[in-house]
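See below for the structure under consideration.
The values are calculated or read from the model by the stated rules, or taken from the named source; none is laboratory data. Source: prediction; values computed, not measured. Because the Cβ atoms are built from the backbone with ideal geometry, glycine has one as well, and the counts that use them run over all protein chains shown. With ligands, DNA and RNA removed, areas are computed over all heavy atoms of the protein, side chains included. Shrake-Rupley method; radii C 1.70, N 1.55, O 1.52, S 1.80 Å.
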Amino acid sequence: MSSSTVITNIATLVTNDPSLGDGSPLGLVRDAAVVVEGDRVVWTGAFRKAPATDNRVDAGGRAVLPGFVDSHSHLVFAGDRTEEFNARMSGRPYSAGGIRTTVAATRAAGDAELEATLTRHLAEALRQGTTTLETKSGYGLTVEDEARALRLAARHTEEVTYLGAHIVAPEYADDPAGYVALVTGEMLDACAPHARWIDVFCEKGAFDGEQARAILTAGKARGLHPRVHANQLSFGPGVRLAVELDAASADHCTHLTDEDVAALAGSRTVATLLPGAEFSTRGPWPDARRLLDAGATVALSTDCNPGSSYTSSMPFCIALAVREMHMTPDEAVWSATAGGAAALRRDDIGRLTPGARADLVVLDAPSHVHLAYRPGVPLVRQVWRRGVREV
C-alpha cells in the first residue's frame, strides 16, 4: 500500500474545479491542503480539515497549482539558429534556410545527440513547472529520420506527435504531391506505432487545405488523432479544417476571421496560442480576448523550437499572454494547465482534485498571479510529478 502525504499551509490552491473554493474557473481554495497517495490526489480542501496522513510537507504559505501542460513543442532537433535570430532582431536580411537548416543538422546528428538535446530541454521545462509535455517530429522529413525522432521522443513523454508534414522535404521541392504520398504512405506506416497524434503545417509555403486534409485523414485511419498548425502566418483554411476533423487543437490561431472564431467556439477543438513565437519573430499577437469572449477554449504553450520560439518556460508564456494578449492572470494560468490538458484530450492532468494525477507546482509566492506580476523571476520552488517531488 502506498504512503500518503499532505501538503499543508498553502496560501492559495488552484484546483481548476469551479465546484471548489471560490467557485471561479480556477476553483481557488485559500488556507488549503492537498493529500497525495501514490501518484494521485486523493483530497483537497481547507488545511484545518485535512485528514491524517503518513507524511506532512509544509508549503510555508506559498501558492500551489497544477503542473503546467505544454501541449506544443518541437524538441527532437540538432543545430543552432542563433545567427538567424540575431539577424531578425537586428533588422538585417538573413538568407539561411530556416526550418531546412534544422532539418539538415537533425539528419546529420546521431541518436545520442538528439536524445541528449531532448532530455536537456525536458529537464529545463520541468524545473520551470512543466509536468506534461507534448513534442513532435518534423525535422527529419525522411522515413527513417521521422521514425527515429518519434521513437526517441516516446522514451520520454507519452504525448508524441507525427509531423512529417512540417514542410515539403527538400528532395521533393518540385514534387509536393509525391511528398504528400510519402507522408501518408510509407512514412506514416513507419511512424504511427510511435505516436499518439498527427499534425500538419497548413499554411502558404507549406501544405494547402486539401493536402492537409489528405494527411490528417490518413493519420486518423491509422489511429492518430489530428492537431493542426493553423492560421499562423496568414488567413487560411487550417482552423476550419481542424474543427471539421475534430482536431484536439488548432495551434497558433494568429489570423482569424469571425467564421474561424465561431467555429472554434462551437467545437471541442482548443485554440492553442503560442506567444513565444510572436515574441521571437515580432509577429502580430493572437487575440486571446476575442476567442475567450466568443466562448472558445484556449490553451497556452511554448512552441519550444530552435527557430521561432526557443523558450521552454511556461511562466514566461503566461506573462506574455497577460501583457500582450489581453488575458487575465487567472485565464492565463487556467490555459497553461487545464487548457493544455484539454488540448491533449486529458482529464487526469491540469487540475488538482481527487483522482487527478499528482502533478503540482509550489510557487515561491502567495498567489498564482505572481507568475504575471513578477515576469522573469524564478518563482517555481518545488515540482511534484506523479506524487514524487522532482524539483
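The selection criterion, being outside any helix (DSSP H, G or I), out of contact with any Asp or Glu (no Cβ under 7 Å at 6 or more places or on another chain), among the hydrophobic types (A, V, I, L, M, F, W, C) and more than 22 Å from Ala341 (Cα to Cα), does not hold for Phe201.
Listed by first and then second residue, the pairs with beta-carbon distance under 7 Å, at least 6 apart or on different chains, first residue in the stretch 366-386 and touching a residue at least 40 places away in the same chain (Cβ under 8 Å) and within 23 Å of Val36 (Cα to Cα), second among the β-branched types (Val, Ile, Thr) and assigned to a strand (DSSP E or B), are Pro366/Thr12; Ser367/Thr12; His368/Thr12; Val380/Val361; Arg381/Val362; Val383/Thr131; Val383/Val361; Arg385/Thr131. Candidates in the stretch 290-323 are the residues that are assigned to a helix (DSSP H, G or I) and without any contact (Cβ under 8 Å) to a residue 40 or more places away in the chain; of these, the one that is nearest to Val383 (Cα to Cα) is Leu292. Does any residue of the stretch 111-131 turn out to be part of a loop (DSSP other than H, G, I, E, B), open to solvent by 40 Å² or more (accessible area, probe 1.4 Å) and not polar (S, T, N, Q)? Within the stretch 111-131, not a single residue is part of a loop (DSSP other than H, G, I, E, B), open to solvent by 40 Å² or more (accessible area, probe 1.4 Å) and not polar (S, T, N, Q). Annotation for the stretch 87-109: no member residue is among the hydrophobic types (A, V, I, L, M, F, W, C), part of a strand (DSSP E or B) and touching a Gly at 6+ places or on another chain (Cβ under 8 Å).
Evaluation of Ile167 against the conditions (1) open to solvent by 30 Å² or more (accessible area, probe 1.4 Å); (2) assigned to a loop (DSSP other than H, G, I, E, B); (3) touching a helix residue (DSSP H, G or I) at 6+ places or on another chain (Cβ under 8 Å) shows that the sole unmet condition is (1). Taking first residues from the stretch 60-82 that are closer than 26 Å to Ala109 by Cα and modelled with pLDDT of 95 or more and partners that are open to solvent by 10 Å² or more (accessible area, probe 1.4 Å) and of a type in the set (D, E, K, R), the Cβ contacts under 7 Å between residues at least 6 apart in sequence or on separate chains come to Ala78/Glu113.
Mind checking whether some residue in the stretch 13-22 is on the phi > 0 side of the Ramachandran plot, within 22 Å of the chain's Cα centre (by Cα) and open to solvent by less than 70 Å² (accessible area, probe 1.4 Å)? Yes; the residues of the stretch 13-22 include at least one that is on the phi > 0 side of the Ramachandran plot, within 22 Å of the chain's Cα centre (by Cα) and open to solvent by less than 70 Å² (accessible area, probe 1.4 Å).
Kindly provide the set of residues from the stretch 23-69 that are more than 15 Å from Val383 (Cα to Cα) and under 25 Å from the mean Cα position of the chain (by Cα), ordered by number. Those that are more than 15 Å from Val383 (Cα to Cα) and under 25 Å from the mean Cα position of the chain (by Cα): Ser24, Pro25, Leu26, Gly27, Leu28. Of the listed requirements (1) under 30 Å from Pro378 (Cβ atoms); (2) aliphatic (A, V, I, L, M); (3) in contact with a Gly (Cβ under 7 Å, 6 or more places away or on another chain), Leu122 misses just one: (3).
May I ask you to list the residues in the stretch 136-150 that are more than 16 Å from Ser73 (Cα to Cα) and either of a type in the set (Lys, Arg) or part of a loop (DSSP other than H, G, I, E, B) (or both)? Lay out the reasoning, then the answer.
Of all residues in the stretch 136-150, those more than 16 Å from Ser73 (Cα to Cα) come to 141-145, 147-148.
Within the stretch 136-150, Leu141, Thr142, Arg148 meet the criteria.
Of the residues making up the stretch 142-174, those that are touching a Phe, Trp or Tyr at 6+ places or on another chain (Cβ under 8 Å) and of a type in the set (A, V, I, L, M, F, W, C) are Ala149, Leu150, Val160, Leu163, Ala165, Ile167, Val168, Ala169. Selection of the stretch 358-389 for residues being closer than 13 Å to Arg127 by Cα and polar (S, T, N, Q) yields only Gln382.
Just to check your reading of the model, which residue among Leu28, Leu65 is within 19 Å of Pro315 (Cβ to Cβ) and either of a type in the set (Gly, Ala, Ser) or in contact with a helix residue (DSSP H, G or I) (Cβ under 7 Å, 6 or more places away or on another chain) (or both)? Can you show your working first?
Details: Leu28 fails: either of a type in the set (Gly, Ala, Ser) or in contact with a helix residue (DSSP H, G or I) (Cβ under 7 Å, 6 or more places away or on another chain) (or both).
Exactly one of Leu28, Leu65 is within 19 Å of Pro315 (Cβ to Cβ) and either of a type in the set (Gly, Ala, Ser) or in contact with a helix residue (DSSP H, G or I) (Cβ under 7 Å, 6 or more places away or on another chain) (or both), namely Leu65.
Taking the stretch 276-289 as the search range and keeping residues that are in contact with a strand residue (DSSP E or B) (Cβ under 7 Å, 6 or more places away or on another chain) and in contact (Cβ under 8 Å) with a residue 40 or more places away in the chain, which one is nearest to Gln232 (Cα to Cα)? Break it down into steps so the answer makes sense when it comes.
Residues of the stretch 276-289 that are in contact with a strand residue (DSSP E or B) (Cβ under 7 Å, 6 or more places away or on another chain), as a first pass: 276-277, 280, 286, 288.
Next, from what is left, pick out any that are in contact (Cβ under 8 Å) with a residue 40 or more places away in the chain: 276-277, 280, 288.
Working: Gly276: 13, Ala277: 10, Ser280: 14, Ala288: 14 Å.
Ranking the candidates gives Ala277 first.
Matching residues to (1) under 21 Å from Phe279 (Cα atoms); (2) open to solvent by 10 Å² or more (accessible area, probe 1.4 Å); (3) touching a Cys at 6+ places or on another chain (Cβ under 9 Å):
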{"site": "Asp54", "(1), (2), (3)": "no, yes, no"}
{"site": "Ala59", "(1), (2), (3)": "no, no, no"}
{"site": "Leu75", "(1), (2), (3)": "yes, no, yes"}
{"site": "Asp80", "(1), (2), (3)": "yes, yes, no"}
{"site": "Arg88", "(1), (2), (3)": "yes, yes, no"}
{"site": "Ala105", "(1), (2), (3)": "no, yes, no"}
{"site": "Ala108", "(1), (2), (3)": "no, yes, no"}
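The residue that is surrounded by the fewest Cβ atoms within 10 Å (Cβ to Cβ), counting only those in the stretch 31-50 that are assigned to a strand (DSSP E or B) and of a type in the set (Asp, Glu), is Asp31.
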